[in-house]
Amino acid sequence: MLVHNEKTYISSFDEKTGQYIRIGKDKRGRLSMFFDPFAAEFPELLDVGIMGHCIHGQSGLCMKSGVQCYQSGPTINEPNMSIEDFRSIANQCRGRVFQFALGGRGDPDQHEHFGEILRICRENEIVPNFTTSGLGMTNELAELCREYCGAVAVSWYRSEYTLKAIDTLLKHGVKTNIHYVVSRSTVKEALLRLQNMSDHLCSGFPEGINAVIFLLHKPRGHGTREEMITKDDKHFFELLQFIDDNTFPYKIGFDSCTVPALIGLRNTVPESLDSCEAARWSAYITADMKMLPCSFCGKEADYAVDLRTHTIEQAWRSEQFEGIRSIMHCSCPDCRHRVFCLGGCPLMKEIVICKERMK
């Protein structure tokens, strides 16, 4: 169990179960369930983009699967993160960061130094997790995942290699999740799979998985606005209602971008929701060592801090990151629900599905 005891909060992370708890402190420094700290002293989770390019990009796997790559993987070919740069990041985070979410512009398990990257994480008491298309998954890689990773997510690419990767990971005892991008084209399928319809196209999700995590489609990179879920998408709200009304043999999760739409569900406790973590509890580092509040910022944005000239702590306390925090501090000041969602995504207001705004 790893514990952070800071001025405004105390947090703990069980590296074996993945259980994470955060409790705020009041002005006297006493623990209080009613005090939610706004931001961490240092990021507790880092999304580390170790991949500068996608080795499967030219084959257009994402597009064929109905998922539009927000990292523009099929068209950008930059070097992967060097092992020296990764070690520098991990060394700065020892004792301060609970988890690394390994990612970037391609499958992290195809990095030329993937095994060493996992070992460096554990040497620095950091739990590595990652998401993969599963195309390159092997027994050898799955064994590495079993030894070093907290969990592995397989993107739902509706292909034979998707199911094969899930099966391989499960056989090696790896906690395995499915990452499902919800868009206008995929939302109906999501509902059918949860209903476990006896249809040859929608026969549910594989047995033995730990969770299905639904990720909201974003208009970034190759992601188009036409595929965005909007406030009038009845199929999306049917999906939410079905999830709220039923139990499943696996856990159900959503990314924080979806939180505004979850407030008000009958069986969902608002206090259990965690709003946008960007620049508050997490950050993103690109393969060429630029630190951003979120992977959806884009390197051309005004929020990037160069880690070749700054430390991670300096980036975390920079004006760029404060700019993101100020947006969330000021959003929706009169809304009774803002404590749960902070106004939703500060970068893409068009993806904020808010029932209060709908009224």
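The values are calculated or read from the model by the stated rules, or taken from the named source; none is laboratory data. From a predicted model like this one, the values you see are computed outputs, not experimental measurements. Here the Cβ positions follow ideal geometry from the backbone for every residue, glycine too, while neighbour counts run over all protein chains shown. For the accessible areas, the whole protein counts, side chains as well, though only heavy atoms, and no ligand, DNA or RNA atoms are used. Shrake-Rupley method; radii C 1.70, N 1.55, O 1.52, S 1.80 Å.
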- [ ] Give the percent of DSSP beta bridges with both residues in the chain that are antiparallel, rounded to the nearest 5.
- [x] 35 percent
Task: For VAL182, residues with placed amide H under 5 Å, excluding near neighbours - done: LEU215, LEU216, HIS217
- [ ] Just the Kirkwood number for the chain, please: inverse of mean 1/r across all distinct Cα pairs, in Å, one decimal.
- [x] 21.0 Å
TODO: Would you mind checking region 306-349 for residues with the amide N under 12 Å from a putative spin-label position 7 Å along Cα→C-beta of SER82?
DONE: 308
Open item on the list: Give me the 1.4 Å probe accessible area per residue for region 216-359, excluding ligands and nucleic acids, in Å².
Closed with: 48 Å²
Task: Cross-link partners of LYS355 among aspartates and glutamates (Cα-Cα below 19 Å; sequence separation of 8 or more within a chain) - done: ASP232, ASP233, GLU238, ASP244, ASP245, ASP255, GLU271, ASP274, ASP334
Open item on the list: Could you compute how fast region 210-290 diffuses translationally, taking Rh as the Kirkwood radius over C-alpha pairs and applying Stokes-Einstein at 10 °C with viscosity 1.306 mPa s? Give it in µm² per second.
Closed with: 107 µm²/s
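Given R₀ = 35 Å, FRET efficiency for GLU226-GLU147 by Cβ-Cβ distance, to 0.05?
Values: r = 43 Å, r/R0 = 1.22.
Rounded to the nearest 0.05, the efficiency is 0.25.
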Open item on the list: Using the Karplus curve 6.51 cos²θ - 1.76 cosθ + 1.60 with θ = phi - 60°, what ³J(HN,Hα) values do you get for each residue of region 161-178, in whole Hz, with x for Gly and Pro?
Closed with: 5, 4, 5, 5, 5, 4, 4, 5, 4, 5, 5, 8, x, 8, 5, 10, 10, 10
- [ ] Sum -39500 (n - 2.57) across every DSSP H segment of at least 4 residues in the chain, then divide by the residue count to get the 222 nm mean residue ellipticity, nearest 500.
- [x] -7500 deg cm²/dmol
Open item on the list: Just to check I understand the Karplus step: with θ = phi - 60° and J = 6.51 cos²θ - 1.76 cosθ + 1.60, what whole-Hz values come out for region 150-155, glycine and proline as x?
Closed with: x, 7, 10, 10, 10, 5
Task: Loop sites in region 269-359: chymotrypsin sites (Phe, Trp or Tyr not before Pro), DSSP, at most 12 other Cβ within 10 Å - done: none
Open item on the list: Could you check the spin-label model distance between LEU31 and GLN314? Points 7 Å from the Cα along Cα→Cβ, value in nm.
Closed with: 3.7 nm
TODO: Using the Karplus curve 6.51 cos²θ - 1.76 cosθ + 1.60 with θ = phi - 60°, work out ³J(HN,Hα) for each residue of region 331-336 in order, rounded to whole Hz, and write x for Gly and Pro.
DONE: 6, 6, x, 9, 7, 6
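Run the numbers for ASN267 and LEU163: contour at 0.36 nm per residue of separation, minus the present Cα-Cα distance, in nm. Kindly include the intermediate steps, with their values, before the conclusion.
Details: separation 104, 0.36 × 104 = 37.44 nm, distance 3.13 nm.
Stretched fully, the ASN267-LEU163 segment lengthens by 34.3 nm.
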- [ ] State to the nearest 20 debye the size of the charge dipole of the chain about its Cα centre, where the only charges are +1 on K and R beta carbons and -1 on D and E beta carbons.
- [x] 880 debye
TODO: Could you look at the chain and say what percent of its accessible area is carbon and sulfur, using a 1.4 Å probe and all protein chains?
DONE: 51 percent
TODO: Return the long-range amide H neighbours of LEU342 (sequence gap of 5 or more, or a different chain), with a cut-off of under 5 Å between placed amide H atoms.
DONE: none
Open item on the list: Per-residue counts of other Cβ atoms within 10 Å, averaged by peptide: what ranking do you get for 330-336, 239-245, highest first?
Closed with: 239-245, 330-336
Open item on the list: If the reach is capped at under 24 angstrom between alpha carbons, list the lysines near LYS16, excluding any in the same chain fewer than eight residues apart.
Closed with: LYS171, LYS175, LYS251
Task: Given 15 as the ceiling on other Cβ atoms within 10 Å, longest exposed-site-free region of the chain for GluC sites (Glu not before Pro) in DSSP loops - done: 208-299
- [ ] Can you figure out the FRET efficiency of ARG119 with LYS251, using R₀ = 22 Å and their beta-carbon distance, to the nearest 0.05?
- [x] 0.20
Task: Linear extension gain, THR8 paired with ILE21, 0.36 nm per residue minus alpha-carbon span - done: 3.3 nm
- [ ] Using DSSP to define loop residues, name the trypsin sites (Lys or Arg not before Pro) in region 1-43 whose beta-carbon has at most 13 other beta-carbon atoms within 10 Å.
- [x] LYS7, LYS16, LYS27, ARG28, ARG30
